[in-house]
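The values are calculated or read from the model by the stated rules, or taken from the named source; none is laboratory data. What you see is a predicted model, and the numbers here were worked out from it, not measured in a lab. Using ideal geometry, Cβ is built from the backbone for each residue, glycine included, and neighbour counts are taken over all protein chains shown.
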Amino acid sequence: MNDGIHGMLPREQMAPSVQKYWDFMNRKPGAPIYQREFGYYCLEKWQREEGLSPDANLSELFGFDAPAVATLGGLGGCEAPFEPQFDVEVLEDRGAHELVRDFAGRHVLYFKGRRNGFMPEYIDHPVKDQKTWEENCLWRLNPDTPERVRKLNEALPKVVALAKKGFVVRQYIVGGYMYLRSLIGPEQLLYMFYDDPELIEKCMEQWLIMADSVMARHQAQVSVDEILLDEDICYNHGPLISPDMIRRFLMPYYQQLMTNARMRQLDKHRPVCYHIATDGFFDPVMDLYGELGMGMASPFEVAAGSDVIRTGREYPELLISGGLDKREMAKGKDAIDRMVDRILPVMKARGGYIPTCDHGVPEEVKLEDYLYLRKRLQEFR
């Protein structure tokens, strides 16, 4: 039954933008390139200083393609998927700053009256030992609490309806490293791998229980095309933890989740694309993640040494998104021309590429220059 759920919807029944996105998913060489962006850190400045209307339709202004992906949530993003979340509370007034407990239970130092647009300083995290794990977090990660189930049931019909139009269905999940880091903190996590590996295993066991249970609810009604793990496991020299730690503490849980997800597909012929999103330099562990059958990676941070042309040649089957250097965007039109002319012809001919900034577009990029970039990219649509 070719209804988009039990079988692929016929191409002629898909909207042009959906056809275009499936050409990306199928790595069709020379196909028109789907137009979208990773995200923005610059909109407030563009509105304040460069005349961007707060009511502007960015998709229309920047020439983006119509949506073609339906995203399933419920499994976190950069933090653990708590239900209920922690109550946000100001814990201390420190003059120009305030110490706040955020929704993920972390103690965060913010500028007073401003909680976005900069990198916050994390002072404390909710998990320190078995006791704090159980008291603060474990009960918040029950996949079957009524409020969690209500939210999942409320969101799912919208995705099912889009799947019936041929949309790519994506399940978004906080990656294991990001999840552990949000619970324990980046520095303390490194110690805990050695000092209390049993607690790490218990945290990851619950990650799998959560992810597998929520995905099972979703897959009872829809086939999933992509599992996006928001991992952020790399910095500018490679992974933040060793390959051996990745193998021990992450891979078994990822392997089980992927195995279960593939077995549950309503469309038995539908592959599941496993997508890793990480900042930093991913190359040193790309083969390791490839052992799981990784089919897509993003966003290829150029300042860390990533190069989508190099990766595209070394991994011809890999779907790639990202790789446009934010620093070059900030240098003006000539630099943008050099970047576009180097990357886009090669990657369009290869197929399986969506050009976006290698992270959110920063404030250093002028609106005029970003509009010029979008105009150049539309030459390849």
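Restricting Val69, Val108 to those that are assigned by TED's automatic domain parsing to the domain that holds Met204 and either under 30 Å from Leu156 (Cβ atoms) or among the hydrophobic types (A, V, I, L, M, F, W, C) (or both) reduces the list to Val69.
Residues satisfying the criterion are present in the range 204-216 (criterion: under 23 Å from the mean Cα position of the chain (by Cα), over 18 Å from Gly74 (Cβ atoms) and not in a loop (DSSP other than H, G, I, E, B)). Residues of the range 313-356 that are part of a helix (DSSP H, G or I) and in contact with a Gly (Cβ under 8 Å, 6 or more places away or on another chain): Ile343, Val346, Met347, Lys348, Ala349, Arg350.
Listed here are the residues, each with its yes/no results for (1) under 22 Å from the mean Cα position of the chain (by Cα); (2) over 29 Å from Gly176 (Cα atoms); (3) of a type in the set (D, E, K, R); (4) at pLDDT below 95.
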site: Gly51; (1), (2), (3), (4): no, yes, no, no
site: Gly77; (1), (2), (3), (4): yes, no, no, yes
site: Ala80; (1), (2), (3), (4): yes, no, no, no
site: Phe86; (1), (2), (3), (4): no, no, no, no
site: Met119; (1), (2), (3), (4): yes, no, no, yes
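Residues of the range 220-229 that are among the hydrophobic types (A, V, I, L, M, F, W, C) and either part of a loop (DSSP other than H, G, I, E, B) or not assigned by TED's automatic domain parsing to the domain that holds Gly166 (or both): Ala220, Val222, Val224.
In the set (1) surrounded by fewer than 17 Cβ atoms within 10 Å (Cβ to Cβ); (2) touching a Ser or Thr at 6+ places or on another chain (Cβ under 9 Å); (3) not β-branched (Val, Ile, Thr), the condition left unmet by Arg36 is number (1).
The residues listed here are Ala66, Ala70, Ala155; of these, the one that is under 30 Å from Ser223 (Cβ atoms), part of a helix (DSSP H, G or I) and either of a type in the set (D, E, K, R) or within 25 Å of the chain's Cα centre (by Cα) (or both) is Ala155. Close contacts from the range 228-246, counting a first residue that is closer than 13 Å to Thr278 by Cα and a second that is β-branched (Val, Ile, Thr) and assigned to a helix (DSSP H, G or I), with Cβ to Cβ under 8 Å and a gap of 6+ residues or different chains, come to Ile233/Ile246; Ile233/Val285; Cys234/Val285; Gly238/Val285; Pro239/Ile246; Pro239/Val285. Here the condition is being at positive phi, assigned by TED's automatic domain parsing to the domain that holds Val214 and not polar (S, T, N, Q); of Gly166, Gly176, it holds for Gly166 alone.
Suppose the filter is β-branched (Val, Ile, Thr), assigned to a strand (DSSP E or B), surrounded by 14 or more Cβ atoms within 10 Å (Cβ to Cβ) and under 25 Å from the mean Cα position of the chain (by Cα); does Val108 pass it? So Val108 passes the test.
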